[in-house]
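Have a look at the structure below, then the notes.
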Amino acid sequence: MGIKVLQQSKSQKQKEEAYLLFAKAADMGNLKAMEKMADALLFGNFGMQNITAAIQLYESLAKEGSCKAQNALGFLSSYGIGMEYDQAKALIYYTFGSAGGSMMSQMILGYRYLSGINVLQNCEVALSYYKKVADYIADTFEKSEGVPVEKVRLTEGPENLSSNSEILDWDIYQYYKFLAERGDAQIQKALHYFLKAAKAGSANAMAFIGKMYLEGNAAAPQNNATAFKYFSMAASKGNAIGLHGLGLLYFYGKGVPVNYAEALKYFQKAAEKGWPDAEFQLGFMYYSGSGIWKDYKLAFKYFYLASQSGQPLAIYYLAEMYATGTGVVRSCRTAVEKRLTFLKKRRCIQWRFYYGIELPFKDIHLARSLYDMAAQTSPDAYIPVFFALMKLETMHFLRDILFFNQFTMRWNWLKPDNTVGPHWDLFVIGLIVAGLILLLRNHRG
């Protein structure tokens, strides 16, 4: 109940009501509610911020086997926030969090093993951690009807929009809102304007109506026959989305008997028009041997074409092929890169984590050691290393302020890229050099 209230809350009062419900549930021993309250104490979402109390609650949850609590404790100990700075302890917390199913812990461990941060660098171990996350996301993605919903501009088709452009522009806006919010009112508006545009002759609108009826929602209840009707109308105009939709209906046997030959035909026609979802489906048919002979070279070709347009499942299967050496020379590094790209596309990273990096900053300690190594290797590197370290230490100082700042108040002026510009470090170095020259002159005078 509290989660539903929080998701629908638009005011501070509604958020407070949600956290009151969490507090009551937490008092009754509900682990999910206790996790929510621990997060609230850490970030100050409910009443006063209390990092110490948050840690105590996380530690209690960790004993109960909460992987989210393990992940949070790993994060806090890795930066020494409210508890002792201890990378070894953080690694243990992350390992337990990963074993418990925390995707965030798995991402962090993957990044650490990939970069060799506080562990021996090992691409294979990194790949195994990223695979766990990618497999979970891909499985969830494929279960949603196997039909990935992508944000597509209605004006991408070759049709002449002319007098209908104003209607279609509004359709674009409504469909984007439908994708982002999925609220009943927005879906109803989206369908209304799609029907209006379809009546005016928009093949894209016809195809999207078919897509809505195929997936089903409050405005357009799931109906394979209606989906077939609108996909057929769009396909008759040579529309790639409509052709792909008909391919899906025949491939999955929705409203029509399963017919892989028909599915292949429509996917090929849509792929010829550059539709990435159709390219992915062709790749999948050749990869899995669904109604056709297995051909990993053709599978790789179509997955690659689809991936160039950002089709997430195509990127996922490319990673699988590189990881196992199926139809391509095996490459651990390429497999990791593809999995990271897939995870980025699915936007599964939350709580200020990006690709498993605990903060959106490079690893300070690793950078220091590399700079020191460069200075020791060549005397010529001493001066550039000196200036690089000056920048690094400045960023380290600002990072600490900004990080603790997210728990208290936001000081936007402390972000040098926003205030001085992207080359702020050169500006600071120039000031330092000018200051040193002035000091030398005064000393000699």
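The values are calculated or read from the model by the stated rules, or taken from the named source; none is laboratory data. Bear in mind that the values here come from a model prediction, so they are computed numbers and not experimental data. Positions of Cβ are generated from backbone atoms using ideal geometry, with glycine treated the same way; all protein chains shown enter the neighbour counts. Surface areas here come from the heavy atoms of the whole protein model, side chains and all, with no ligands, DNA or RNA. Shrake-Rupley method; radii C 1.70, N 1.55, O 1.52, S 1.80 Å.
May I ask you to verify whether residue 302 is among the hydroxyl-bearing types (Ser, Thr, Tyr), under 18 Å from residue 277 (Cα atoms), at pLDDT below 95 and under 26 Å from the mean Cα position of the chain (by Cα)?
It is false that residue 302 is among the hydroxyl-bearing types (Ser, Thr, Tyr), under 18 Å from residue 277 (Cα atoms), at pLDDT below 95 and under 26 Å from the mean Cα position of the chain (by Cα).
Every test in (1) without any contact (Cβ under 8 Å) to a residue 60 or more places away in the chain; (2) within 25 Å of residue 319 (Cα to Cα) is passed by residue 252 save one, and that test is (1).
On the stretch given as region 316-331, residues that are in contact (Cβ under 8 Å) with a residue 24 or more places away in the chain and open to solvent by 10 Å² or more (accessible area, probe 1.4 Å) total 6. You will find that of 298, 305, 313, the residue that is in contact (Cβ under 8 Å) with a residue 24 or more places away in the chain, open to solvent by 20 Å² or more (accessible area, probe 1.4 Å), in a helix (DSSP H, G or I) and in contact with a helix residue (DSSP H, G or I) (Cβ under 6 Å, 6 or more places away or on another chain) is 305 and no other. The residues in region 197-222 that are in contact (Cβ under 8 Å) with a residue 12 or more places away in the chain, in a loop (DSSP other than H, G, I, E, B) and open to solvent by 10 Å² or more (accessible area, probe 1.4 Å) can be counted, and the count is 5. Does residue 80 qualify as being surrounded by 15 or more Cβ atoms within 10 Å (Cβ to Cβ), modelled with pLDDT under 90 and at positive phi? Against the criterion (surrounded by 15 or more Cβ atoms within 10 Å (Cβ to Cβ), modelled with pLDDT under 90 and at positive phi), residue 80 does not qualify. Scanning region 37-53 for residues that are small (Gly, Ala, Ser) and open to solvent by less than 50 Å² (accessible area, probe 1.4 Å) returns 38, 40, 44, 53. Please count how many residues of region 16-53 are assigned to a helix (DSSP H, G or I) and under 15 Å from residue 72 (Cα atoms). The number of residues fulfilling the criteria is 15.
Results for (1) free of Cβ contacts under 8 Å to residues at least 40 places away in the same chain; (2) over 26 Å from residue 316 (Cβ atoms), shown as yes or no for each residue.
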{"position": "79", "(1), (2)": "no, yes"}
{"position": "86", "(1), (2)": "yes, yes"}
{"position": "91", "(1), (2)": "yes, yes"}
{"position": "96", "(1), (2)": "yes, yes"}
{"position": "101", "(1), (2)": "yes, no"}
{"position": "111", "(1), (2)": "no, no"}
{"position": "128", "(1), (2)": "yes, no"}
{"position": "132", "(1), (2)": "yes, no"}
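Quick grid of which residues meet (1) within 27 Å of residue 137 (Cβ to Cβ); (2) open to solvent by 70 Å² or more (accessible area, probe 1.4 Å); (3) touching a strand residue (DSSP E or B) at 6+ places or on another chain (Cβ under 9 Å); (4) of a type in the set (Gly, Ala, Ser):
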residue	(1), (2), (3), (4)
28	no, yes, no, no
35	yes, no, no, no
55	no, no, no, no
69	yes, no, no, yes
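The residue list 237, 211 contains one member that is under 18 Å from residue 278 (Cβ atoms) and touching a helix residue (DSSP H, G or I) at 6+ places or on another chain (Cβ under 6 Å), which is 237.
Which of the following residues is at pLDDT below 80 and not hydrophobic (A, V, I, L, M, F, W, C): 14, 56, 70?
Working: 56 fails: at pLDDT below 80; 70 fails: at pLDDT below 80.
Every option except 14 fails the conditions.
Where in region 236-288 are there helices (runs of 4 or more DSSP H), lying fully within it, with 1 or more residues that are closer than 14 Å to residue 214 by Cβ, among the β-branched types (Val, Ile, Thr) and open to solvent by less than 20 Å² (accessible area, probe 1.4 Å)?
Those helices (runs of 4 or more DSSP H) span 240-252.
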